[in-house]
1. Among the candidates Gly235, Gly218, which residue alone is of a type outside the set (Lys, Arg) and not in a helix (DSSP H, G or I)?
2. Across segment 222-274, what is the number of residues that are of a type in the set (Ser, Thr, Tyr) and either within 19 Å of Leu128 (Cα to Cα) or touching a Pro at 6+ places or on another chain (Cβ under 8 Å) (or both)?
3. Please count how many residues of segment 93-133 are over 24 Å from Leu255 (Cβ atoms) and surrounded by fewer than 24 Cβ atoms within 10 Å (Cβ to Cβ).
4. Considering only segment 238-268, state which residues are of a type in the set (Ser, Thr, Tyr), part of a helix (DSSP H, G or I) and open to solvent by 40 Å² or more (accessible area, probe 1.4 Å).
5. Against the definition (surrounded by fewer than 21 Cβ atoms within 10 Å (Cβ to Cβ) and on the phi > 0 side of the Ramachandran plot), how does Ala90 come out, yes or no?
6. Quick check: is even one residue across segment 248-262 over 25 Å from the mean Cα position of the chain (by Cα) and either more than 28 Å from Thr82 (Cβ to Cβ) or not acidic (Asp, Glu) (or both)?
7. Leu113 - would you say it is among the hydrophobic types (A, V, I, L, M, F, W, C), farther than 25 Å from Met229 by Cβ and not in a loop (DSSP other than H, G, I, E, B)?
8. Kindly indicate whether any position in segment 34-51 is open to solvent by 60 Å² or more (accessible area, probe 1.4 Å), farther than 24 Å from Val275 by Cβ and either part of a loop (DSSP other than H, G, I, E, B) or at pLDDT 80 or above (or both).
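The values are calculated or read from the model by the stated rules, or taken from the named source; none is laboratory data. Since the model is a prediction, treat every value here as computed from it, not as a measurement. Note that each Cβ is placed from the backbone with ideal geometry, even for glycine, and that neighbours are counted across all protein chains shown. Side chains are part of the model used for accessible areas, which takes the heavy atoms of the whole protein and leaves out ligands, DNA and RNA. Shrake-Rupley method; radii C 1.70, N 1.55, O 1.52, S 1.80 Å.
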Amino acid sequence: MMNTEKSKTTEGKAIKNRRTLLDRRMDKILAQEEQGRNSTRLTSRTMRKVLSNKLAVIGAALFLIICILCFAAPLFTRYPPTQISLKERAAAPSTTHIFGTDQMGRDIWSRMLYGGRVSILVGLGSALGSALIGVTLGMLAGYKGGWLDKIILKISDLFLSIPQLVLIIIMVALVGQSLENIILIFILTGWPSMYRMARSKVLSLKEEEFVQALKAFGVSDIKITFKHMLPNAIGPIVVNITLSTAMFILQEASLSVLGYGVPQTVSTWGNIINVIANAGTIRYDWLGIWWYYVPCAAMLVLFVLSINFIGDGLRDASDPTQIG
């Protein structure tokens, strides 16, 4: 009788353990499904807010159109950007040359499209490089604190204490003009703002309950910082990247007009606009040669506006206080 009761008790415990194990597995599966649903709902809600922002939609459409025109330039023009035709110098817009030619007979429409590739590369590449350095340092220094945070903070203060355009001109004068140097200088002067933004987000997140729980479970600092805290700060980072892209494109154009940008042999939007500075050696009526600079300046303005519209839409959509 005793053996029978013991066997029943043992069997009952085994069944209970099996049910407990199954319950745990089911709870884990349900939690993963719920997390996936929440993530999907958040993503769809964010997309709805972006799509409901008319300026963001217009900006995205302009951005795609200009990128397609520039990166598929051979499909939209038959002239190489460096082809010189002395017989067609300073030709007005016509069916042959949609936006005319410059003082060397080069097709301006072709130069705009091929130059857009370089300008977009400079802007986007510099913004991504600045974000990679600034966000990495900001996440690590903000979470760790101590001497690392103090040293990097002082270095960023040093960079920010000098006007960025002045600092860029000084660096260009020291290392020389080239496409690679311009991108590298933009990255070196652009990371402090990214660093401060990422650092401020980490300082506000590091005291949250989920971070304290991860610490209690012994999760490594690197995993906490980049796997669990970075996704919560990705919204402002993406917005900052978009706005930095527009800023770097404008800075490249400004440097080209001043003569410190990408070498004149490389077509960029800034170099195309800068051609008006040298046009006076041939003709002095700037209004009479409006096609030298107006079409390219218009494309530059539209592209920068499109990026700013996209950034504003992403900022509004990722702001927790705006999510309904």
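1. None of the others qualify; the one that does is Gly218.
2. Final tally of qualifying residues: 4.
3. From segment 93-133, those over 24 Å from Leu255 (Cβ atoms) are 93-98, 100-101, 105, 107; that's our starting set.
Next cut, surrounded by fewer than 24 Cβ atoms within 10 Å (Cβ to Cβ) only: 93-98, 100, 105.
Summing the residues that are over 24 Å from Leu255 (Cβ atoms) and surrounded by fewer than 24 Cβ atoms within 10 Å (Cβ to Cβ) in segment 93-133 gives 8.
4. Applying the first criterion (of a type in the set (Ser, Thr, Tyr)) to segment 238-268 yields 242, 244-245, 254, 256, 260, 265, 267-268.
Now narrow it down to the ones that are part of a helix (DSSP H, G or I): 242, 244-245, 254, 256.
Scanning segment 238-268 gives a single hit, Ser254.
5. For Ala90, the condition - surrounded by fewer than 21 Cβ atoms within 10 Å (Cβ to Cβ) and on the phi > 0 side of the Ramachandran plot - is met.
6. The first filter runs over segment 248-262 and keeps only residues over 25 Å from the mean Cα position of the chain (by Cα), leaving 258-259.
Those left that are additionally either more than 28 Å from Thr82 (Cβ to Cβ) or not acidic (Asp, Glu) (or both): 258-259.
Checked against the condition, which is being over 25 Å from the mean Cα position of the chain (by Cα) and either more than 28 Å from Thr82 (Cβ to Cβ) or not acidic (Asp, Glu) (or both), segment 248-262 yields at least one hit.
7. Against the criterion (among the hydrophobic types (A, V, I, L, M, F, W, C), farther than 25 Å from Met229 by Cβ and not in a loop (DSSP other than H, G, I, E, B)), Leu113 qualifies.
8. Within segment 34-51, the subset open to solvent by 60 Å² or more (accessible area, probe 1.4 Å) is 34-35, 37-43, 45, 47-49, 51.
Right, trim to farther than 24 Å from Val275 by Cβ and you get 34-35, 37-43, 45, 47-49, 51.
Subset that is either part of a loop (DSSP other than H, G, I, E, B) or at pLDDT 80 or above (or both): none.
No, segment 34-51 has no match at all.
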